[in-house]
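What follows is a set of notes on a single structure, which appears directly below.
The numbers here are math on the coordinates, done by the rules we state, and not lab data. From a predicted model like this one, the values you see are computed outputs, not experimental measurements. Positions of Cβ are backbone-derived with ideal geometry, glycine not excepted, and every protein chain shown enters the neighbour counts.
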Amino acid sequence: MEITAIALLAVTATVLLLILRQSRPEMALVLSILVGAMIFAAAVPKIGMIVATLSSIAAKTDVGSLHLGALLKIVGVAYIAEFGAQICRDAQESAIASKVELAGKVIILTLSIPIVLVILDSVLKLLP
């Protein structure tokens, strides 16, 4: 099970980080980023399967590829913003982390406007 290996890596890294932060905080930050990247890299291969499944569903439901692309971009922005914010928090930069999250939310809102417009247009067509 992949999550077991990921959790074991995370717990091991956490113990090492607790020890390392006391003597070499700069190295602890590097280790934290490295482990985070490794965990992210372990999850990336699953993205292809998710995209294929969503594409199949979109084809069956006659949802345009434009909307599927926007949805995937929104999810990608959310994950990247969260990842970036957590790295900033690990470096004790919570103010910057908050700005990364704010930027992610604004970008998500911008990307979602076409989908919201399509939904509103569909609702307006249903109303007499």
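Annotations for the structure displayed:
- Some residue of region 68-76 being within 30 Å of ALA28 (Cα to Cα) and under 11 Å from the mean Cα position of the chain (by Cα): yes
- Qualifying residue in region 89-96 (condition: acidic (Asp, Glu) and in contact (Cβ under 8 Å) with a residue 40 or more places away in the chain): yes
- Residue, nearest to GLN92 (Cα to Cα), within region 15-64, restricted to residues that are polar (S, T, N, Q) and touching a Leu at 6+ places or on another chain (Cβ under 9 Å): SER32
- Failed criterion for GLY104 (all others in (1) surrounded by 14 or more Cβ atoms within 10 Å (Cβ to Cβ); (2) in contact with a Phe, Trp or Tyr (Cβ under 8 Å, 6 or more places away or on another chain) hold): (2)
- Total residues in region 50-83, condition touching a Gly at 6+ places or on another chain (Cβ under 8 Å) and not hydrophobic (A, V, I, L, M, F, W, C): 1
- Every pair of residues 6+ apart whose Cβ atoms lie under 9 Å, when the first sits in region 2-22 and is in a helix (DSSP H, G or I) while the second is charged (D, E, K, R): GLU2/LYS46; LEU17/ASP90
- Applying the criterion of being touching a residue at least 12 places away in the same chain (Cβ under 8 Å) and polar (S, T, N, Q) to the residues of region 28-81, the residue that is surrounded by the most Cβ atoms within 10 Å (Cβ to Cβ) is SER32.
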